[in-house]
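Engineer: What follows is a single structure, and I will ask about it in a moment.
The values are calculated or read from the model by the stated rules, or taken from the named source; none is laboratory data. In this text the structure is predicted, and so the values were computed from the model without any measurement. Cβ: placed from backbone, ideal geometry, glycine included. Neighbour counts: every protein chain shown. To get the accessible areas, we keep the full protein, side chains included, count just its heavy atoms, and leave off ligands, DNA and RNA. Shrake-Rupley method; radii C 1.70, N 1.55, O 1.52, S 1.80 Å.
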Amino acid sequence: MSDKTLSSLEGGERITTLESHIIESQREIPGASGAFSTLLSSIGLASKIISREVRRAGLFDILGLTGDTNVQGERVTKLDIYSHNLLARMMSRCGQVCGMASEEHPDFMPVSSDLPRGRYLVCFDPLDGSSNIDVNAAIGTIFGIWRSKSSPEDCTEKDVLQSGNEIVGAGYIIYGSSTIFVYSSGRGVHGFTLDPSIGEFLLSHRDIRTPKRAKIYSCNEGNSYRWNDEGMRRFVSYLKSENNATGKPYSGRYIGSLVADFHRNLLDGGVFIYPGDKKKPGGKLRLLFEAAPLAYICEQAGGAASTGWERMLDITPKKLHHRVPLIIGSRLDVEDGERFMQGQPLPGEAAAALTGIK
Ligand code: AHG
Ligand code: MN
Ligand code: MN
């Protein structure tokens, strides 16, 4: 046997699975009981099953709309409901969760009293970007994990109405050209690519850091005529001009799947914008299911997230389906976006002239 063959057979020590990574990083936390690892593993398993269904969506009758609308009055796809049910069922049965909230369910979901309950609360968007399923574009799952302040037996909806500052872990799974699981538990952001031949997520993106300055801007610019804030329109014009901080126009990239837009921007440097508009004055995206978990990941990777007025992780939701305007991504661009929104000049005199603010 040649050395090359031998070393490739002996290469196991370089492979890190999602499960082993979670267990090893929890071992560094004094007093960690393994409960958090068990919960993350159950989300990992659910996401493999969702990935399998997404991959064959075109082959089965699962593709298409159910004909129902969800609590936000949006059309619901069969895969939205499938993913919601699967995640809710698997997390209920992992023994570490006392309650959940999902974009696809109007109310708080306590874990049934006949099942063992743990101290964690999970909020999730089971399938993000689901309007893209029928056209075969990337979609995802988003989750955020909080600790219940009440005992597992007594937790109620009020326990889940916590700010992003209280998040203990968050992640997303993107079902794209490959399936990637990205998570953080407060020690950096790590990405794992699903190897379908062995059914395991393998560490592929260690300690992701997002560039400080973006090259890409992502927004539904078709809505810009109805955005609430003139400052946001001015910010986007600034990004498209040669007079911006980089000296050349940013590239526009918008899939319409938050997870896919966010993931690309996280790796390459970008700013994603979904402001409040005349139709949705408070914004479209949901704090607990989308904005707070991604803001946590973004900050862990060195980026930032804001409503334009407030740091995203500082916001305490008033209700489960609380929506927010969102500016998220490369830190310097998010800060510039806030300046435009708030009518403050950019740092430096020349730049200040560009905001149109005297
Ligand atoms: P969901 O599919 O979970 O309802 O989320 C859709 C969201 C988000 O993924 C995306 O960024 C945004 O809606 C797109 O909205 P527009 O179609 O208004 O651009
Ligand atoms: Mn979504
Ligand atoms: Mn969704």
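Engineer: Take the Cα gyration tensor of the chain, multiply each eigenvalue by 5, square-root it, and list the three semi-axes largest first, rounded to whole angstrom.
Structural biologist: For the chain, the semi-axes come out at 33, 25, 21 Å.
Engineer: Please list the non-local residues whose amide H lies under 5 Å from the amide H of Gly169, H modeled 1.01 Å from N, same-chain partners needing a gap of 5 or more.
Structural biologist: Ile145
Engineer: ³J(HN,Hα) across the range 172-189 via Karplus (A = 6.51, B = -1.76, C = 1.60, θ = phi - 60°), whole Hz, x for Gly/Pro?
Structural biologist: Karplus values, whole Hz, x for Gly and Pro: 8, 10, 10, 9, x, 4, 10, 9, 10, 9, 10, 9, 9, 10, x, 10, x, 10.
Engineer: By average Cβ neighbour count within 10 Å, what is the ranking of 270-282, 236-248 from highest down?
Structural biologist: Ranked from most to least packed, the peptides come out as 270-282, 236-248.
Engineer: Considering only protein heavy atoms, what per residue accessible area in square angstrom results for the range 216-354 with a 1.4 angstrom probe?
Structural biologist: Here the residues of the range 216-354 average 38 Å² of exposed surface.
Engineer: Just checking the chain: which Cys have no other cysteine's beta-carbon under 4.7 Å?
Structural biologist: Flagged as lacking a Cys partner: Cys94, Cys123, Cys219, Cys298.
Engineer: Would you work out if the range 5-205 is rounded, prolate or oblate? Take a ≥ b ≥ c from the square roots of the eigenvalues of the alpha-carbon gyration tensor; rounded if a/c is under 1.5, else prolate when a/b is larger than b/c, oblate otherwise.
Structural biologist: Oblate, since a/c reaches 1.5 and b/c is not below a/b.
Engineer: Oh, and also: Between helix 35-55 and the chain, what is the angle of the helix's C-alpha long axis to the longest principal axis, kept within 0 to 90° and rounded to the nearest 10?
Structural biologist: Rounded to the nearest ten degrees, it is 80.
Engineer: Can you find, among Val189, Ser151, Leu86, the residue farthest towards the positive end of the dipole of the chain? Put +1 on the C-beta of Lys and Arg, -1 on that of Asp and Glu.
Structural biologist: Most positive-ward Cα: Val189.
Engineer: Against the longest alpha carbon principal axis of the chain, how many degrees, from 0 to 90 and to the nearest 10, is the axis of helix 78-92 turned?
Structural biologist: 60
Engineer: What's the angle, to the nearest 10 degrees (0 to 90), between helix 258-268's Cα axis and the longest principal axis of the chain?
Structural biologist: The helix 258-268 is inclined about 80 degrees to the chain.
Engineer: Right, something else. Under the rule of at least 5 residues apart or a separate chain, name every residue whose amide H is placed under 5 Å from the amide H of Thr179.
Structural biologist: Leu194
Engineer: Based on Cβ point charges of +1 for Lys and Arg and -1 for Asp and Glu, what charge dipole magnitude is obtained for the range 5-205 about its Cα centre, in debye rounded to the nearest 20?
Structural biologist: 280
Engineer: May I ask which of Lys78/Lys149; Lys248/Lys284; Lys158/Lys215 have a Cα-Cα span longer than 32 Å here?
Structural biologist: Lys78/Lys149; Lys158/Lys215
Engineer: What is the packing order of peptides 314-323, 139-148, taking the mean over residues of other C-beta atoms within 10 Å and listing the highest first?
Structural biologist: For the peptides 314-323, 139-148, the packing ranking is 139-148, 314-323.
Engineer: Taking all protein chains as present, what is the carbon and sulfur share of the accessible area of the range 123-267, in % to the nearest whole number, probe 1.4 Å?
Structural biologist: The computed percentage sits at 45.
Engineer: Let me ask you something else. Please give the net charge around Glu28, taking every other residue with its beta carbon less than 15 angstrom from that of Glu28, where Lys and Arg add +1 and Asp and Glu add -1.
Structural biologist: Around Glu28, the surrounding residues sum to 0.
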